[in-house]
Amino acid sequence: MKHLLKLLDLKESEILDILNLADQLKYEKKNNIEHKYLAGKSLGMIFQKSSTRTRVSFETGMYQLGGQALFLSPRDLQIGRGEPIEDTARVLSRYLDGIMIRTFEQKEVEDLAKYGSIPIINGLTDFAHPCQVLADLMTIREYKGEFDGLKLTFVGDGNNMANSLIVGCLKVGMSIAIACPKGYEPDKEVLEFAKAYGDKFMMTEDVAEACNNADVVYTDVWASMGQEEEAEKRKQAFKNYQVNKEAMAVAKKDAMVLHCLPAHRGEEITADVLEQHPEIFDEAENRLHAQKAVLVKLMADDDSNKK
């Protein structure tokens, strides 16, 4: 693994290796065992989209691993004034040991990897959110013990989260159901990928059908960053796509609820359901541990002593 651009690029074994290392790093952190695997290393963090969890978890993670993180907004970089991505990639590769970028177009992430010579990590694009789904899978395994036989249901927009959850869940052996309104389906490339998994993948406009017998119920905001002008239109389109007590009534009694946050209580999820499921905040914490595992896998000089 040279980069983390999208989960479509990874084998099941690579995903599991990251999760196993994340478990190890979380154990070491909880037990005050230092793990300065990236001492002297520098991560550049390019933010075309704002963030709470991505910035804080990557910056804290690099510190805990013994390295440093540099926050780079478009105002700080010539890329914000029209410098070509290929020039930015080549120059930053001379200074840094890795780049994490949170942006709009997937092509921008792919181009950084194409023209640069250091590891590139996708912190979020409109197409994919691999770091979040690694944390999601880590949390599911913590609660459920294994992936085989589990069903995850995603309710809402067929966005970057839906895209990455479909790929991540299917690759580790889970089944996944998507409940979304017509016209808001996941990306065609992802749907084509899912075809090979037969009845392990289902897409429907019916929330109850999707949530039936689910082990994990997942949702995300109705309007993502960059879609603010569509907010009112989306509220109408998604008004029946809510994780609420009715949706949870048809899921398994011990079903988990996950949300990548921030959550809009009363829209995609009701306040009572969110407050009854503290695993959402374990999921948020696991962004730190999963991303530290990615950083070590990509940037450590020798990870042979890491499980």
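Per-structure values
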| read-out | value |
| --- | --- |
| Any chance Asp282 is farther than 23 Å from Pro186 by Cβ and charged (D, E, K, R) | yes |
| Options Glu14, Glu86: the member that is surrounded by fewer than 21 Cβ atoms within 10 Å (Cβ to Cβ) and touching an Asp or Glu at 6+ places or on another chain (Cβ under 9 Å) | Glu86 |
| Some residue of segment 31-45 being under 16 Å from Asp136 (Cα atoms) and under 17 Å from the mean Cα position of the chain (by Cα) | no |
| Criterion (touching a residue at least 24 places away in the same chain (Cβ under 8 Å), surrounded by 13 or more Cβ atoms within 10 Å (Cβ to Cβ) and over 14 Å from His35 (Cβ atoms)) met by exactly one of Ala300, Ala263 | Ala263 |
| Segment 189-211 residues that are in contact (Cβ under 8 Å) with a residue 60 or more places away in the chain and on the phi < 0 side of the Ramachandran plot, paired with ones that are polar (S, T, N, Q) and in a helix (DSSP H, G or I) (beta carbon under 8 Å, 6 or more apart) | Val190/Asn163 |
| Residue ID - farthest from Leu112 (Cα to Cα), chosen from residues in segment 5-50 that are among the hydroxyl-bearing types (Ser, Thr, Tyr) and in contact with a Leu (Cβ under 9 Å, 6 or more places away or on another chain) | Tyr37 |
| The one condition in (1) at pLDDT below 95; (2) within 16 Å of Ala162 (Cβ to Cβ) that Val216 fails to fulfil | (1) |
| Per-region count, segment 180-223, residues among the aliphatic types (A, V, I, L, M), buried (at least 18 other Cβ atoms within 10 Å of the Cβ) and touching a strand residue (DSSP E or B) at 6+ places or on another chain (Cβ under 8 Å) | 7 |
| Flag if Val207 is modelled with pLDDT of 95 or more, in contact with a Ser or Thr (Cβ under 6 Å, 6 or more places away or on another chain) and farther than 22 Å from Lys11 by Cα | no |
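Residues are listed down the side, and each one gets a yes or a no for (1) loosely packed, with under 15 Cβ neighbours inside 10 Å; (2) modelled with pLDDT of 95 or more; (3) more than 25 Å from Ser224 (Cβ to Cβ); (4) in the same structural domain as Thr125 (by TED's automatic domain parsing):
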{"site": "Lys29", "(1), (2), (3), (4)": "no, yes, yes, yes"}
{"site": "His35", "(1), (2), (3), (4)": "no, yes, yes, yes"}
{"site": "Phe58", "(1), (2), (3), (4)": "no, yes, no, yes"}
{"site": "Ala69", "(1), (2), (3), (4)": "no, yes, no, yes"}
{"site": "Glu105", "(1), (2), (3), (4)": "yes, yes, no, yes"}
{"site": "Leu112", "(1), (2), (3), (4)": "no, yes, no, yes"}
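The values are calculated or read from the model by the stated rules, or taken from the named source; none is laboratory data. Note that this is a predicted model, so its numbers are computed, not measured. Please note: Cβ atoms are built from the backbone with ideal geometry, for glycine as well, and neighbour counts cover all protein chains shown.
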